[in-house]
């Protein structure tokens, strides 16, 4: 017998040992190993499903965030537009009020100037009349002081007056 030639008894006992080992492994080892592998497979599938669900949720949240961001930007633009419009309106109203007030003040100043001018003119007229009367009185006193001059003035006036 050589090392390479198998004996029928060796083959028989080796086969029996293998079958017993296969039976024992099938009874006690294969079921727990297969159930552990199946549970591990289910765990991996659940993990993959959860990862996919998380990915979809993340995508949905990202889209919602983008939509909210767009909406916030649109609201910001509307608010800024309204604020600018309000600012322009306030400036326009203030300019108009200032213009109106300025025109009213100018008109009041014009009226006051005209009033003061009329008062000044009346005062000047009174002073001129007073001075004229004083001058005329002095001139008449000087001319009427002499009787000859009075007679000459009367005759001159009579010549000028034509009936």
Any chance residue 117 is modelled with pLDDT of 80 or more, over 44 Å from the mean Cα position of the chain (by Cα) and either surrounded by 10 or more Cβ atoms within 10 Å (Cβ to Cβ) or assigned to a helix (DSSP H, G or I) (or both): yes
For segment 120-163, what are the residues that are surrounded by fewer than 10 Cβ atoms within 10 Å (Cβ to Cβ) and not in a helix (DSSP H, G or I)? 145, 161, 162, 163
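The values are calculated or read from the model by the stated rules, or taken from the named source; none is laboratory data. What you are looking at is a predicted structure, and each value in this text was computed from that prediction instead of being measured. All Cβ positions, glycine included, derive from the backbone under ideal geometry; neighbour counts span all protein chains shown.
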